[in-house]
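Visitor: Got a structure here, written out as structure tokens. Questions coming.
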Amino acid sequence: MVVGGLRRLEYRGYDSAGIALPSGGDLLIERRAGALANLEARLDEVGRERFTGTSGIGHTRWATHGPPTDRNAHPHRSSDGKVAVVHNGIIENFMELRAELEARGIWAESDTDTETTAHLVALAHAGELAGAEDAKGDLPAAVRAVVRRLEGAFTLVVTHADEPDRIVAARRNSPLVLGLGEGETFLASDVAAFIEFTRHAVELGQDQIVTITRSGYEVTDFAGEPVVATPFEVTWDLAAAEKGGHDYFMLKEIEEQPTAIAHTLRGHLVDGRIVLDEQRLSDQDLRDIDKVFVVACGTAYHSGLLAKYAIEHWTRLPVEIEFASEFRYRDPVLDRSTLVVAISQSGETADTLEALRHAKDQKARVLAICNTNGAQIPRESDAVIYTHAGPEIGVAATKTFTAQIAANYLVGLALAQARGTKYPDEVVREFEQLEATPAAVAEVLESLGEARALGQELAPSKAVLFLGRHVGYPVALEGALKLKELAYMHAEAFAAGELKHGPIALIEEGLPVVVVMPSPKGRAVLHSKLLSNIQEIKARGARTVVIAETGDETVRPFADHLFELPAVPTLLQPLVATIPLQVIAAEIALARGYDVDKPRNLAKSVTVE
Ligand code: AGP
């Protein structure tokens, strides 16, 4: 039943799996890197009949801390062998907790943040956790005592060898839902795991502890006060459940962008300073840099164009950017003072990997921005920033694009900080403005009703043009790419200033043109020039779809369709302006009857050159 539940969660993407069951005062645990089939093969090897019991927990892991290996796979076991834990999220203070455990002679077996919680719960359950002596022999109290020590995002599920008839879980940020069956009770990341057994579910809220037994459940807050939880009936079928109620993963992933950005930024500002992941480049290394080169493909390349604006603006370092597939054939000028930033969601893109290797041959230092822990590109880089967008199932990149922008800006701030081109308080202020964008993105996601109607209207178009200036230009490029890859429609983006140098000849009656407007409160000259561009194409019959800041009344007379965005600082506009373009492309594709998760001819990761 546990393995079956994991199988129904496979779509969420993972790179290792494991299960744990209390059995005769012991814990049976098996874990395997790779596909669920590896774990199943292992269970067959040791004898499935051994893995029977009245309760059990399981996990498919998407690696964040520590590469996807057997020993990093969940469940993690306590040093006394009595407690097993599975965890979704990121525990930010785990190094501090790990040091505390080491001081008590409890040493980590894995690279993960999760393992520390298993040791701590066992200590609490044994009445040996300072300040929680009353948790002795009481699993819910032990879990409560531990979660009060944790910082970050964590949903934990805990089993104890001596308590086979109950399982305890804690929820903060990462999803957790409860299923009520006949004489059986379930916990899962989403209803897909138990929907075949019951449709009676209970939504669990933030900072709650739930204890389940065969006959039911109890919910408290982290302080132990009882909480009333809300039962609901699951109306989705299994297919819909996997997509969070959406028809396609891509539509779900578009909605996940506020979280993807927030999780990518989480933990990167410590005591007023920017810190990178897996920092293997010292501040001195960053000070020795005299040039930055960005290499990437497709959507990652578009995020790289934005990295160029940010890094040059904050550090005054020259930034070149090149398609990875062109980079090594044009014999770029690189040396040990060059920092090459390799951006790749999958971390396996052959063009980008080969570009990285060429850069290293030229003694350049390489920093990877990647969404996949343990992938080849981060493994071969000198430093890494992971985006924490979670697995992206849709072939077309959406949440990983906006997460990459956030990560690129972190690199810019880290460089500015190391080189002193921004004062510490300026770096903090820029970071805090970044941290505020998930709320702005969430606001945009709430106001996209018209995008759906526009999909129907534009579906018959032969082509769509996209215009932008400054940071709006990479957004226009990304919007055009989305339309190409999802709706198989010809789409092209131009820097709006280029219109007069040829492209305006393309404008004809009824041709849709999407214009990404800068804020009227930003560089006024950019706004006024783009306003002129809109008037020029309107005069020639274009049908204008304008993405503009809320309250920008100057564009309204020239916009056949107007999407209004919340005001954000100029460099952050791409994080909000991209959202309508993603949705419009998806709606046009859907209106054309295409599968937006699996566009024709495309692979999620291009591992061949
Ligand atoms: C974007 O929607 C496409 N999926 C594609 O352009 C992608 O961005 C490109 O192949 C790079 O992939 P990577 O980020 O995994 O390296």
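Visitor: Criterion first (at pLDDT below 95, over 30 Å from Ala260 (Cβ atoms) and not acidic (Asp, Glu)) does Gly131 satisfy it? Before the answer, list the steps.
Guide: Working: at pLDDT below 95: yes; over 30 Å from Ala260 (Cβ atoms): yes; not acidic (Asp, Glu): yes.
Considered against the rule, which asks whether it is at pLDDT below 95, over 30 Å from Ala260 (Cβ atoms) and not acidic (Asp, Glu), Gly131 comes out as yes.
Visitor: When you scan the stretch 136-156, do you find a residue that is closer than 16 Å to Arg77 by Cβ and in a strand (DSSP E or B), even just one? Write out each step before concluding.
Guide: In the first step, residues of the stretch 136-156 are kept if they are closer than 16 Å to Arg77 by Cβ; the result is 139, 142-143, 146, 156.
Filter again for in a strand (DSSP E or B), leaving 156.
There is at least one residue in the stretch 136-156 that is closer than 16 Å to Arg77 by Cβ and in a strand (DSSP E or B).
Visitor: Also: For residues that are of a type in the set (Gly, Ala, Ser) and closer than 16 Å to Asp26 by Cα, scanning just the stretch 50-70, find the one that is surrounded by the most Cβ atoms within 10 Å (Cβ to Cβ).
Guide: Initially, the stretch 50-70 is screened for residues of a type in the set (Gly, Ala, Ser), giving 53, 55-56, 58, 63, 66.
Then keep just the ones that are closer than 16 Å to Asp26 by Cα; that gives 53, 55-56.
Values: Gly53: 15, Ser55: 20, Gly56: 23.
Looking at the filtered set, the residue picked out is Gly56.
Visitor: Kindly list the number of the only condition in (1) hydrophobic (A, V, I, L, M, F, W, C); (2) more than 29 Å from the chain's Cα centre (by Cα); (3) within 16 Å of the ligand (Cβ to nearest atom) that fails for Leu506.
Guide: If we test Leu506 against (1) hydrophobic (A, V, I, L, M, F, W, C); (2) more than 29 Å from the chain's Cα centre (by Cα); (3) within 16 Å of the ligand (Cβ to nearest atom), just (3) comes out false.
Visitor: Taking the stretch 591-606 as the search range and keeping residues that are more than 9 Å from the ligand (Cβ to nearest atom) and in contact (Cβ under 8 Å) with a residue 12 or more places away in the chain, which one is farthest from Glu450 (Cα to Cα)?
Guide: Residues of the stretch 591-606 that are more than 9 Å from the ligand (Cβ to nearest atom), as a first pass: 591-598, 600-601.
Now restrict to residues that are in contact (Cβ under 8 Å) with a residue 12 or more places away in the chain: 591-592, 594-598, 600.
On the way: Ala591: 14, Arg592: 17, Tyr594: 20, Asp595: 21, Val596: 19, Asp597: 22, Lys598: 25, Arg600: 27 Å.
Of everything passing the filter in the stretch 591-606, Arg600 is farthest from Glu450 (Cα to Cα).
Visitor: Continuing with this model, one more query. Is it the case that some residue within the stretch 91-104 is of a type in the set (Lys, Arg) and more than 28 Å from the chain's Cα centre (by Cα)?
Guide: To start, the set of residues in the stretch 91-104 that are of a type in the set (Lys, Arg) comprises 98, 104.
From what is left, the residues that are more than 28 Å from the chain's Cα centre (by Cα) are 104.
Yes - at least one qualifying residue is present in the stretch 91-104.
Visitor: From the list Glu492, Glu485, Glu478, which one is without any contact (Cβ under 8 Å) to a residue 60 or more places away in the chain and among the acidic types (Asp, Glu)? Full working, then the answer.
Guide: Numbers: Glu485 fails: without any contact (Cβ under 8 Å) to a residue 60 or more places away in the chain; Glu478 fails: without any contact (Cβ under 8 Å) to a residue 60 or more places away in the chain.
On inspection, the qualifying residue turns out to be Glu492.
Visitor: Here's a follow-up. How about the stretch 234-317: which helices (runs of 4 or more DSSP H) wholly inside it have at least 3 residues that are within 15 Å of the ligand (Cβ to nearest atom)?
Guide: On the way: elements: 238-242, 249-255, 257-265, 283-287, 298-315.
It comes to 249-255, 257-265, 298-315.
Visitor: I would also like to ask the following. Of Phe323, Phe293, which residue is under 27 Å from Thr372 (Cβ atoms), open to solvent by 10 Å² or more (accessible area, probe 1.4 Å) and touching a residue at least 24 places away in the same chain (Cβ under 8 Å)?
Guide: On the way: Phe293 fails: open to solvent by 10 Å² or more (accessible area, probe 1.4 Å).
Testing whether each residue is under 27 Å from Thr372 (Cβ atoms), open to solvent by 10 Å² or more (accessible area, probe 1.4 Å) and touching a residue at least 24 places away in the same chain (Cβ under 8 Å) leaves just Phe323.
Visitor: Considering only residues that are among the small types (Gly, Ala, Ser), in a loop (DSSP other than H, G, I, E, B) and within 20 Å of Gln573 (Cβ to Cβ), which ones fall in the stretch 430-470?
Guide: Answer for the stretch 430-470, where residues must be among the small types (Gly, Ala, Ser), in a loop (DSSP other than H, G, I, E, B) and within 20 Å of Gln573 (Cβ to Cβ): Ala436, Ser447.
Visitor: Can you list residue pairs whose Cβ atoms sit under 9 Å apart, with the first residue in the stretch 387-400 being farther than 20 Å from Gly267 by Cα and the second being more than 8 Å from the ligand (Cβ to nearest atom) and among the β-branched types (Val, Ile, Thr)? Count only pairs 6 or more apart in sequence or on different chains.
Guide: Every condition considered, the pairs that remain are Gly394/Ile254; Gly394/Val596; Val395/Val596; Ala396/Val596; Thr398/Ile254; Thr398/Thr578; Thr398/Ile579.
Visitor: Continuing with this model, one more query. Does Pro474 qualify as being more than 16 Å from the ligand (Cβ to nearest atom) and either farther than 16 Å from Leu572 by Cα or open to solvent by less than 50 Å² (accessible area, probe 1.4 Å) (or both)? Walk me through it before giving the result.
Guide: On the way: more than 16 Å from the ligand (Cβ to nearest atom): no; either farther than 16 Å from Leu572 by Cα or open to solvent by less than 50 Å² (accessible area, probe 1.4 Å) (or both): yes.
For Pro474, the condition - more than 16 Å from the ligand (Cβ to nearest atom) and either farther than 16 Å from Leu572 by Cα or open to solvent by less than 50 Å² (accessible area, probe 1.4 Å) (or both) - is not met.
Visitor: Continuing with this model, one more query. Which one of these is within 11 Å of the ligand (Cβ to nearest atom) and either surrounded by fewer than 24 Cβ atoms within 10 Å (Cβ to Cβ) or over 26 Å from Trp62 (Cα atoms) (or both): Val395, Val428? Reasoning before the result, please.
Guide: Values: Val428 fails: within 11 Å of the ligand (Cβ to nearest atom).
Residue meeting the stated conditions: Val395.
Visitor: Sticking with this one: With the condition kept exactly as written, say whether any residue in the stretch 340-347 is within 14 Å of the ligand (Cβ to nearest atom) and open to solvent by 10 Å² or more (accessible area, probe 1.4 Å).
Guide: Kept after step one, since they are within 14 Å of the ligand (Cβ to nearest atom), are these residues of the stretch 340-347: 341-347.
Filter once more, so that each one left must be open to solvent by 10 Å² or more (accessible area, probe 1.4 Å): 345-346.
Scanning the stretch 340-347, I find at least one residue that is within 14 Å of the ligand (Cβ to nearest atom) and open to solvent by 10 Å² or more (accessible area, probe 1.4 Å), so the answer is yes.
Visitor: Then there's this: Does the stretch 10-18 include one or more residues that are touching a helix residue (DSSP H, G or I) at 6+ places or on another chain (Cβ under 7 Å), of a type in the set (Asp, Glu), within 22 Å of Ala142 (Cα to Cα) and modelled with pLDDT under 95?
Guide: No, the conditions are met nowhere in the stretch 10-18.
Visitor: Tell me which of these Thr387 doesn't satisfy, since it passes every other one: (1) among the polar types (S, T, N, Q); (2) away from the ligand (no atom under 12 Å from the Cβ); (3) crowded, with 24+ Cβ neighbours inside 10 Å.
Guide: All conditions pass for Thr387, except number (2).
Visitor: Looking at (1) over 23 Å from Pro67 (Cβ atoms); (2) of a type in the set (Gly, Ala, Ser); (3) within 22 Å of the chain's Cα centre (by Cα); (4) away from the ligand (no atom under 14 Å from the Cβ), which one does Ala364 not meet, given that it meets all the others?
Guide: For Ala364, the exception is condition (3).
Visitor: Pairs please, first residue from the stretch 56-69 and closer than 11 Å to Gly5 by Cα, second anywhere and open to solvent by 30 Å² or more (accessible area, probe 1.4 Å) and hydroxyl-bearing (Ser, Thr, Tyr), Cβ atoms under 8 Å, 6+ apart in sequence or on different chains.
Guide: From the stretch 56-69, the pairs are Thr60/Tyr14.
Visitor: Is it the case that the stretch 88-97 has a residue that's open to solvent by less than 50 Å² (accessible area, probe 1.4 Å), hydrophobic (A, V, I, L, M, F, W, C), in contact with a strand residue (DSSP E or B) (Cβ under 8 Å, 6 or more places away or on another chain) and in contact (Cβ under 8 Å) with a residue 60 or more places away in the chain?
Guide: Within the stretch 88-97, one or more residues are open to solvent by less than 50 Å² (accessible area, probe 1.4 Å), hydrophobic (A, V, I, L, M, F, W, C), in contact with a strand residue (DSSP E or B) (Cβ under 8 Å, 6 or more places away or on another chain) and in contact (Cβ under 8 Å) with a residue 60 or more places away in the chain.
Visitor: Conditions: (1) in contact (Cβ under 8 Å) with a residue 60 or more places away in the chain; (2) more than 16 Å from the ligand (Cβ to nearest atom). Ile584 meets all but one. Number of the miss?
Guide: Looking at each condition in turn, Ile584 falls short on (2).
The values are calculated or read from the model by the stated rules, or taken from the named source; none is laboratory data. The model shown is predicted, which means the values in this text are computed figures rather than measured ones. Cβ: placed from backbone, ideal geometry, glycine included. Neighbour counts: every protein chain shown. In case anyone asks, the SASA skips ligands and DNA or RNA and just uses the protein heavy atoms, side chains included. Shrake-Rupley method; radii C 1.70, N 1.55, O 1.52, S 1.80 Å.
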